[in-house]
Amino acid sequence: MKKILKVLIIILIVVVVLAGGFALFISMRGIPNYGAKDPGIKIVPDSIRIERGRVLAGMLCADCHMNSDTRKLTGADMDPEHKLPFGNLFSQNITQDKTVGIGDWTDGQIIYLLRTGIKRDGQYAPPWMAKLPNMSDEDIASIISFLHSNDPMVVADATPDKPCEPSFFAKFLALVAFKPFPYPDHVVAQPDTSNKVEWGKYLVWNLDCFSCHSLDYAKNDYLTPTNSAGYLGGGNKMPEGIYSANLTPDNETGIGTWTEEQFVKALRFGIKPAGTVRLPMKPYLLLSESEAKAIYEYLRTVPPIKNAVNRS
Ligand code: HEC
Ligand code: HEC
């Protein structure tokens with residue numbers, strides 16, 4: 001009996017030491033470094049690209065990087081009320097300032113980060129920084145052209161960065177769950193905009209509609225969004241406490257009965273047949289009417305999911 005007790009105590013000590021060692025390893029290791037790469041691409045900006053990039057960055061980057069004091073993309077506190085368990089997260093200064101901004105990053109370094117999530121020092125930028133694995137090479141070129149433009153949002157501004165302080169939980173997830181995306185080994189083509197369904201799908205994937213509007217952020221497939229659990233069927237709990245809407249064409253629980261006009265108004269201006277859309281869903285004021293209509297056309301074609309989302 002005594003012997004068994006002794007063995008049990010030894011096992012317990014070993015387990016505690018191993019668990020402690022593992023915890024220490026995670027907190028010391030921090031967010032993994034995957035080694036930096038520069039695909040060596042040089043973007044040639046023109047006025048069409050800059051304008052397209054302004055719209056895309058307005059919809060995709062400004063939300064997080066816009067600083068309300070400087071009115072430029074100098075970075076902001078991502079979670080001031082600590083609603084998420086990921087630590088102190090700050091988006092960074094991405095103006096053209098050469099010291100604190102990205103003025104001395106090459107185009108290739110920026111593209112590599114946007115595609116894979118790996119920064120130019122090799123460190124991984126976890127899911128709190130957007131990634132664009134499916135965006136066309138041309139749209140990425142437009143975003144880069146905008147970042148180099150003389151738009152007031154991105155001209156050099158020396159507002160210093162605040163470094164991210166990821167929590168233990170975030171570091172743990174970075175070890176077991178978060179992984180960088182592979183850098184595309186092929187040309188990522190523009191969608192055929194004469195095919196509304198294809199164009200709409202491209203927008204739903206790249207404007208991140210699917211990531212909020214599927215069942216659960218943790219069960220999304222960012223490389224092949226259609227493989228996400230409950231693709232576009234809503235019910236994903238937002239940090240704001242509300243659940244995302246079902247966008248599939250189910251008549252009772254989705255938007256099957258919505259007209260194109262009602263949809264376009266809700267999407268672009270936040271005005272629904274009854275009431276207005278609530279945060280974090282924001283009106284897509286920069287989206288054109290034809291883009292909104294293409295999204296509507298695509299959403300008619302996705303498999304309907306019966307999911308009565310709690311809308312209170
Ligand atoms: C959901 C919020 C969010 C969105 C959307 C977002 N970012 Fe970020 N971004 C971050 C955060 C947070 C960091 C810091 C990540 C880190 O260091 O771990 C960051 C870091 C960066 C960096 C690295 C800067 C540096 O000095 O290390 C660049 C470049 C960047 N973002 C560009 C963009 C661009 C371009 C877009 C739009 C296509 C964008 N980001 C969209 C939150 C976001
Ligand atoms: C940051 C998360 C997020 C993103 C990104 C997002 N949505 Fe939403 N959306 C929501 C939430 C949450 C609601 C529910 C708001 C409410 O209950 O008032 C919503 C509501 C809607 C509605 C109203 C539907 C209804 O039944 O009330 C439509 C239409 C919509 N979203 C379409 C889109 C499209 C299209 C995109 C991409 C261009 C998109 N959303 C991107 C979170 C998001």
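The values are calculated or read from the model by the stated rules, or taken from the named source; none is laboratory data. Small disclaimer: the values here were computed from a predicted structure and weren't measured. Every residue, glycine as well, gets a Cβ built from its backbone with ideal geometry; the counts of neighbours run over all protein chains shown. Heads up: the accessible areas ignore ligands, DNA and RNA and are worked out on the full protein's heavy atoms, side chains in. Shrake-Rupley method; radii C 1.70, N 1.55, O 1.52, S 1.80 Å.
Against the chain, whose longest principal axis is taken from its Cα atoms, helix 260-269 shows a tilt of about 60°. Roughly how many percent of the accessible protein surface of the chain is carbon and sulfur, given a 1.4 Å probe and a whole-percent answer? Carbon and sulfur together cover 61 percent of it. In the context of the full set of protein chains, residues of the chain present 53 Å² of accessible surface per residue (probe radius 1.4 Å, heavy atoms only).
In this structure the amide hydrogen of Ala245, modeled in the peptide plane, comes within under 5 Å of the amide hydrogens of Gly235, none closer than 5 places in sequence on its chain. For the range 105-231, the extents of the C-alpha atoms along the principal axes are 44, 39, 27 Å, listed from largest to smallest. The distance linking the range 91-108 with the range 209-269 is 34 Å (Cα centroid to Cα centroid, whole angstrom). Taking the Cα centre of the chain as reference, the dipole from Cβ charges on Lys and Arg (+1) and Asp and Glu (-1) amounts to some 1320 debye. Taking the Cα centre of each part, how many Å lie between the range 135-206 and the range 30-79? Here the two parts' Cα centres lie 7 Å apart. Highest mean first, the peptides 204-216, 40-52 sorted by other C-beta atoms within 10 Å per residue fall in the order 204-216, 40-52. In angstrom, the C-alpha Rg and Dmax of the chain are 22.1, 82.
Taking the helices alone, the chain has a mean residue ellipticity at 222 nm of -11500 deg cm²/dmol, built from -39,500 (n - 2.57) per DSSP H run of at least 4 residues and averaged over all its residues.
Beyond 25 Å, what percent of the Cα pairs of the range 196-301 remain? Here the long-distance tail beyond 25 Å is 11 percent of all Cα pairs in the range 196-301. If one takes the longest principal axis of the Cα atoms in the chain, at what angle in degrees, from 0 to 90 and to the nearest 10, does the Cα axis of helix 196-206 lie? For helix 196-206, the angle is close to 30 degrees. Based on Cα contacts under 8 Å between residues 6+ apart, the chain shows a relative contact order of 17 percent. In terms of its Cα atoms, the range 47-176 spans 44, 32, 25 Å along the principal axes, sorted from long to short. Pairs exceeding a 29 Å alpha-carbon distance, out of Lys83/Lys179; Lys72/Lys196; Lys42/Lys72; Lys196/Lys272: Lys72/Lys196. Each of Glu297, Glu165, Glu81 has its accessible area taken with a 1.4 Å probe; listed largest first, they run Glu81, Glu165, Glu297.
To the nearest ten degrees, helix 289-301 and the longest principal axis of the Cα atoms of the chain are 60 degrees apart.
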